[in-house]
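The values are calculated or read from the model by the stated rules, or taken from the named source; none is laboratory data. The model shown is predicted, which means the values in this text are computed figures rather than measured ones. Note that each Cβ is placed from the backbone with ideal geometry, even for glycine, and that neighbours are counted across all protein chains shown.
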């Protein structure tokens, strides 16, 4: 029984990374910009966060450093894509490639470092309930913050005027521009917010999830988060759901390896990636559905005045 | 303040200058990086841009490294021109290496030298098969080729590990995860004694010519590019986007697989977990810096191999980390994307109220949108 | 005191001087037309007034005070409202949300919804605030735009080509609304190139040509000829008409039904129509009623039609690809030039390869020389002003590119030519040349099908007319016997089978 509680807890933990990044990318894509640099941003943020945690001992400063790193990289990406109108896909890829090289470069000095022992988290009273306690209520605060953030984002998108404006920009930047909204600025803010969140997710990986630094440790989670936003048809609650599902698949793989199941470890490691492909196939089969839910201007360049 | 103003027509001069500007920016950034790391910038730059040309052996190494970059880059150019975003060339490279190794491991000491041919063909087929999965899922289920091809890279790497840690492990290899060293008949023929450059380089050069003809003189290549430039126009003309998708992925997968076969049966000589060296990703940069043009790719692959060799020299002689190469590559691509804007825009200085940088506007008739669903 | 005065307003773009020392004077409560053909600079001028574009030189005076309008919010604050030609609406949001986004005041969504209903009632504009915009017809969308403008209590309302998407009856209804607004003291700037409408509605007219003002007149005292002279420097070009001599049936569409692709779009519902050799059949209709879907089915871009629902010379072609249809003699000119009829970033020579493969050998080898020669010939034969066969498609003006594309298809000696919106956004001279080319093609025995939202154009060149409305096509009627009122009625879908019997008897 205990193992399942721990499994559930681990799922929440793993899913949180994807959830934070996924929500960030959702904000991004709602404004009409697709940022393929998620993996690169998360890598740089991971090393930034880890280094900060090593130097200062503070998790929250580490998250801040990660957010800053992500926002800066996203800002550079945003300037290129929004003002210079470079191809969004190519620029995002460039960001990922740069991030992977840069993080490896900067991280050289930190591969042998480790963080101080992680404190134990538990919500008083709730954390003591048998089974549910260990499963749900003994998580790092970030897990709960993420859930709260998802609710706040849902309110923002669908109930506030600012959220309406963001959706309008993603739907038709030309019309929003004609109405006088500062489309490019709004898009830049969305991109940087997305970058900051990807940064927090990256820092979470290296500071909480597996507290160490290894080159390439994000291992594709940035790309999976991108798939998540499509899977979730750009709705915050579904991003969370999908993130936890993926977290579950990842945890399943570790659990099976631990149980000594007679499948080789490499094949089990493939599971999350194969699951991503499966999910993409399922969700994309109805192109009409995607088109009606997708921010209509996603990926397309915007030229004010044309 | 500085403003960007649209040019009435794309500047051809800038089209050629832009990669050079990007290179210049990269060099400056590199010098700054060296200084920051406490090394002499001129020595650092010399490692990258002068040393790799010293002597026949150095130039041969340049060609050895450029071969896979050129082969993969050419395939990717066709893909990207057709607006098919194959990011998983690295995975297709690995599958080509695996397939080629399988054939190579069946060689006996007295096998004919011609076994090289089926080795290469196996590499092509391996890469094509891996890319075919992407094409199939995009064709039937509309799944994004970017994400599927990328996920398959991770799967391919795990598959490689599974084989070299498991059934394919050399029993006499002291427990290291690697296959047997391939026997002599399987070695890709070299061009000059004592130098590592082999016929792979010649094939790469021939491919440059073939791809140039395909893209610019053959109707099939024209059709694919129209599909990439304006999907609605391609539909209007009756060009099959399905065929373009499959052709693009099979070609780029095959080229990546071929590069994998050359690597594993050439310089490396066995299958190890270190076969995937990132060429599949570096080739993306090669393709872009080469302007998706075969002749350009010829030069950009040599440039990129400069970065690789330079990185290795900087590590061995100056004690700098090898990941410097990755940083250089990333900065190069970024600078290229930025300087490419100069092709379509001018930089102007405006003193007073800046006007919006808009092209001539007329009440425009409807313009078809050209993105895929 | 004038409501708005523009003094020497100028605007330079890289390749063209869009506005050259423009002077404009609008009085309170006046309906003031700005007349000019496509490319005369009207849109740029309106963008300047509305704050979307800054002028390089000149002054603007509003209610006697000099102003500088830096963005649309400032324009709205002054009381300037604009109804765009291509609506700036968001399809997935409701009408109320769309209006809300266009207002600067800090009203709640509920407030806005209430006011929409009020204003709509006062001015006779039927708008349901809760419907998502993508479910609205084009006429309804325009009403949402107008209500949005009216909610800002404008003192100057700018309308950019408002009637290109309306039936004749709807145009009259719009005029009633506008006259009421003007009576209440709101000034109206009415941008158009339709001479009859301007003469019927407007008190004053400023005429523009090539970025300059060529005259300021009272349109009620002018004739179409005199206005045309100010607008293009000459009388409207006359076309040479011969009587049609229709021959055998070339195209037969029977009970063509296609469900729409996706959430936005129209279903085609049992469409039937015929086109014979040596005649031009015109398809009238307000945009959004199935024209695009019908064109895609006929050209082959939409391959779902049942094979025998479309027959060419009696042979079913419904399942044939566009290339095969071209091979069989069916050529098509689409309504979008850039991005569909031509690829913007490649040369004219290369653009010929889209539909003309004479210079490609069976093995796929492209002869560059022969491709360029074809392009050169088309440029010469059709008076295309271009830098040569290597000029990119996007470097041509709308009219010249359209001439090139139409020429490319006519030069292929088609047996059936289908043209969609032949002169959309094209200057008057080029439009006349294109219409002349279509008539000549018909005289040479080709069958021609023209889809157009410009009723005048259809009346000018068609031998027979049909109307498409809500995915259905009416029976045909000889153009000589049709009236604008009747066609206008039919555009609302109000034809009956009785009429069909009558027309069949008369045809």
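Residues are listed down the side, and each one gets a yes or a no for (1) under 19 Å from residue B:142 (Cβ atoms); (2) under 24 Å from the mean Cα position of the chain (by Cα); (3) free of Cβ contacts under 8 Å to residues at least 24 places away in the same chain; (4) facing chain B (nearest Cβ under 9 Å):
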site: A:265; (1), (2), (3), (4): no, no, yes, yes
site: A:280; (1), (2), (3), (4): yes, yes, no, yes
site: A:284; (1), (2), (3), (4): yes, yes, no, yes
site: A:295; (1), (2), (3), (4): yes, yes, no, no
site: A:302; (1), (2), (3), (4): no, no, no, no
The residue from C:321, C:272 that alone is surrounded by fewer than 22 Cβ atoms within 10 Å (Cβ to Cβ), without any contact (Cβ under 8 Å) to a residue 40 or more places away in the chain and over 16 Å from residue C:453 (Cα atoms) is C:321
Of the listed residues (A:260, A:222), the one being modelled with pLDDT under 85 and either assigned to a loop (DSSP other than H, G, I, E, B) or within 12 Å of chain B (Cβ to nearest Cβ) (or both) is A:260
Residue set A:269, A:250; condition more than 30 Å from residue A:182 (Cβ to Cβ), crowded, with 20+ Cβ neighbours inside 10 Å and at the interface with another protein chain (Cβ under 8 Å from one of its Cβ atoms); output residue A:269
Checked the stretch B:218-267 for anything over 29 Å from residue A:300 (Cβ atoms) and facing chain C (nearest Cβ under 9 Å); matches are B:218
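Given the residues C:211, C:247, which is the only one that is buried (at least 19 other Cβ atoms within 10 Å of the Cβ) and in contact (Cβ under 8 Å) with a residue 40 or more places away in the chain?
Numbers: C:247 fails: buried (at least 19 other Cβ atoms within 10 Å of the Cβ).
So the residue among C:211, C:247 that is buried (at least 19 other Cβ atoms within 10 Å of the Cβ) and in contact (Cβ under 8 Å) with a residue 40 or more places away in the chain is C:211.
Yes/no per residue for (1) under 30 Å from residue C:249 (Cβ atoms); (2) touching a strand residue (DSSP E or B) at 6+ places or on another chain (Cβ under 7 Å):
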residue: C:381; (1), (2): yes, no
residue: C:385; (1), (2): no, no
residue: C:388; (1), (2): no, no
residue: C:398; (1), (2): no, no
residue: C:412; (1), (2): yes, yes
Of the residues in the stretch C:336-349, those that are at the interface with chain B (Cβ under 7 Å from one of its Cβ atoms) and either within 11 Å of residue C:374 (Cβ to Cβ) or without any contact (Cβ under 8 Å) to a residue 24 or more places away in the chain (or both) number 3
Here the residues within the stretch C:12-51 that are farther than 18 Å from residue C:2 by Cα, touching a helix residue (DSSP H, G or I) at 6+ places or on another chain (Cβ under 6 Å) and outside any strand (DSSP E or B) are C:36, C:37, C:51
Quiz item: Among the residues of the stretch C:24-47, is there at least one that is within 14 Å of another protein chain (Cβ to nearest Cβ), farther than 25 Å from residue C:175 by Cα, buried (at least 19 other Cβ atoms within 10 Å of the Cβ) and free of Cβ contacts under 8 Å to residues at least 24 places away in the same chain?
Solution: no
Residue C:15 meets each of (1) under 30 Å from residue C:237 (Cβ atoms); (2) crowded, with 19+ Cβ neighbours inside 10 Å; (3) within 14 Å of chain A (Cβ to nearest Cβ) with one exception, condition (2)
Flagged in the stretch A:53-62 as in a helix (DSSP H, G or I) and either modelled with pLDDT of 95 or more or surrounded by fewer than 24 Cβ atoms within 10 Å (Cβ to Cβ) (or both), in numbering order, are A:54, A:55, A:56, A:59, A:60, A:61
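Given the structure, is residue C:64 within 14 Å of chain A (Cβ to nearest Cβ) and at positive phi? Before you say what the answer is, go through the steps one by one.
On the way: within 14 Å of chain A (Cβ to nearest Cβ): no; at positive phi: yes.
No, not satisfied.
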Within the stretch B:116-137, residues touching a helix residue (DSSP H, G or I) at 6+ places or on another chain (Cβ under 8 Å), under 17 Å from residue B:266 (Cα atoms) and surrounded by fewer than 20 Cβ atoms within 10 Å (Cβ to Cβ) come out as B:118
Taking the stretch C:68-105 and the residues there that are more than 11 Å from chain A (Cβ to nearest Cβ) and surrounded by fewer than 16 Cβ atoms within 10 Å (Cβ to Cβ), the one that is farthest from residue C:161 (Cα to Cα) would be C:105
Across the stretch C:336-352, the tally of residues that are buried (at least 23 other Cβ atoms within 10 Å of the Cβ), in contact with a strand residue (DSSP E or B) (Cβ under 7 Å, 6 or more places away or on another chain) and part of a loop (DSSP other than H, G, I, E, B) stands at 1
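In this structure, is residue A:197 within 14 Å of chain C (Cβ to nearest Cβ) and in contact (Cβ under 8 Å) with a residue 24 or more places away in the chain? Even if it seems obvious, please write down each step before you answer.
Numbers: within 14 Å of chain C (Cβ to nearest Cβ): no; in contact (Cβ under 8 Å) with a residue 24 or more places away in the chain: yes.
No; evaluated as a whole, the condition is false for this residue.
Within the stretch B:138-168, track down each residue that is assigned to a helix (DSSP H, G or I), surrounded by fewer than 22 Cβ atoms within 10 Å (Cβ to Cβ) and facing chain A (nearest Cβ under 10 Å). Step through it out loud before you land on a result.
Filtering the stretch B:138-168 down to residues assigned to a helix (DSSP H, G or I) leaves B:138-141, B:145-165.
Narrowing the set further to residues that are surrounded by fewer than 22 Cβ atoms within 10 Å (Cβ to Cβ) leaves B:139-141, B:157-159, B:161-163, B:165.
Hits for the stretch B:138-168 are B:140, B:141, B:157, B:158, B:159, B:161, B:162, B:163, B:165.
Among the helices (runs of 4 or more DSSP H) contained in the stretch A:71-169, which hold 1 or more residues that are touching a helix residue (DSSP H, G or I) at 6+ places or on another chain (Cβ under 7 Å) and within 14 Å of chain B (Cβ to nearest Cβ)? Break it down stepwise before answering.
Working: elements: A:88-107, A:132-136, A:141-159.
Where helices (runs of 4 or more DSSP H) fall fully within the stretch A:71-169 and carry at least 1 residues being touching a helix residue (DSSP H, G or I) at 6+ places or on another chain (Cβ under 7 Å) and within 14 Å of chain B (Cβ to nearest Cβ), they are A:88-107.
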